[in-house]
Amino acid sequence: AAGVIQSPRHLIKEKRETATLKCYPIPRHDTVYWYQQGPGQDPQFLISFYEKMQSDKGSIPDRFSAQQFSDYHSELNMSSLELGDSALYFCASSPRTAGNTIYFGEGSWLTVV
Amino acid sequence: GEDVEQSLFLSVREGDSSVINCTYTDSSSTYLYWYKQEPGAGLQLLTYIFSNMDMKQDQRLTVLLNKKDKHLSLRIADTQTGDSAIYFCAESFRGTDKLIFGTGTRLQVFP
């Protein structure tokens, strides 16, 4: 079965640079979520989109922005990167109309040096 | 997560049952979830339970929900070495689909 696809899987950036993560949800899933998991931490909710509109916002820094496109894929843009942004970034998707089965991708490892 | 608590470690012998516990605080949570995370990997949805249920069974997995005590547990029958991973419980925050995760329980299975 198709899963949530994230790219790139690994990314190394320098401080103050910009990074973009991409997420392709499971087909027919209309809701996309972004989570951040620091080393040894539990995942923290960043932001979510339903039908291309932002539906909820969590602890996402102002330096980060995200959007969902007409084909339902989503991108997380991170600017002015800081060392503390080093983390595993998860995208998840769900079919809102079919209950709340939320499936996660494999994650994108961001290392800021 | 500050609102969802789990014990940090659990060690069991192969073939025994494992019980991972979780307490949560948001009584309006609609769904409660269990995810499995292997080292360096993503979060695998194991199972979830709707808040008006008190038990759900899926093959080797049994979820018990005590809504009065806000206590959730995951029982893994016949635990195998491949079950070694970190297990996260998560609640849907105030009935939304924003998940609040627990701190995770590291399950170690030894032969």
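Using the Stokes-Einstein relation with a Kirkwood hydrodynamic radius computed over Cα pairs, the translational diffusion coefficient of segment A:23-113 at 37 °C and a viscosity of 0.692 mPa s comes to 246 µm²/s. Between segment B:69-111 and segment B:34-61, the C-alpha centres lie 7 angstrom from each other. Count Lys and Arg as plus one, Asp and Glu as minus one, and take only other residues whose Cβ is under 10 Å from that of B:Leu64; the net charge is then +1. For segment B:1-100, the percent of C-alpha pairs falling in each 5 Å distance bin, counted from 0 to the bin holding the largest distance, reads 3, 13, 25, 26, 19, 10, 4, 1. Farthest towards the positive end of the charge dipole of segment A:40-113, among the residues A:Ser93, A:Ser108, A:Ile60, is the Cα of A:Ser93, using unit charges on the Cβ of Lys, Arg, Asp and Glu. Taking chain A as a Gaussian network of alpha-carbon nodes connected by springs under 10 Å, the highest mean-square fluctuation of the residues A:Ser70, A:Ser55, A:Ser80 belongs to A:Ser70. In the elastic network of chain A, a GNM with C-alpha springs shorter than 10 Å, the most mobile of A:Pro61, A:Pro25, A:Pro43 is A:Pro61. Taking the Cα centre of chain B as reference, the dipole from Cβ charges on Lys and Arg (+1) and Asp and Glu (-1) amounts to some 140 debye.
Taking Cβ atoms as reference points and 15 Å as the exclusive limit, the residues near B:Ile76 contribute a net charge of 0, counting Lys and Arg as +1 and Asp and Glu as -1.
Extension gain, B:Lys56 to B:Ala77: 0.36 nm times the residue separation minus the Cα-Cα distance gives 6.2 nm.
Taking 27 Å as the straight-line reach from the Cα of B:Lys56, the lysines in range (excluding those fewer than 8 positions away in the same chain) are B:Lys36, B:Lys67, B:Lys68, B:Lys70, B:Lys98. Once backbone amide H atoms are built at 1.01 Å from N, A:Asp56 has A:Ser48 as its partners under 5 Å, excluding neighbours fewer than 5 places away on the same chain. The share of C-alpha pairs in segment B:29-82 whose separation exceeds 14 Å stands at 55 percent. Along the charge dipole of segment B:27-111, which of B:Gly82, B:Leu65, B:Thr47 sits closest to the positive end, that is, farthest toward it, with unit charges on the beta carbon of Lys, Arg, Asp and Glu (+1, +1, -1, -1)? Of the candidates, B:Leu65 comes out farthest on the positive side. Taking other residues whose beta carbon is less than 9 angstrom from the beta carbon of B:Phe93, and scoring Lys, Arg as +1 and Asp, Glu as -1, yields -3.
Full extension of the chain between A:Glu17 and A:Asp71 yields a length gain of 16.7 nm, computed as 0.36 nm times the residue separation minus the alpha carbon distance. One equal scatterer on each Cα of the protein assembly as shown, no solvent, Debye formula: the resulting log10 I(q)/I(0) at q = 0.14, 0.15 Å⁻¹ is -0.86, -0.98.
None of the figures in this text is laboratory data; all of them are computed from the coordinates on show. Just so it is clear, the structure is predicted and the values come from calculations on it, not from any experiment. Here the Cβ is made from the backbone with ideal geometry for all residues, glycine too, and neighbour counts use every protein chain on show.
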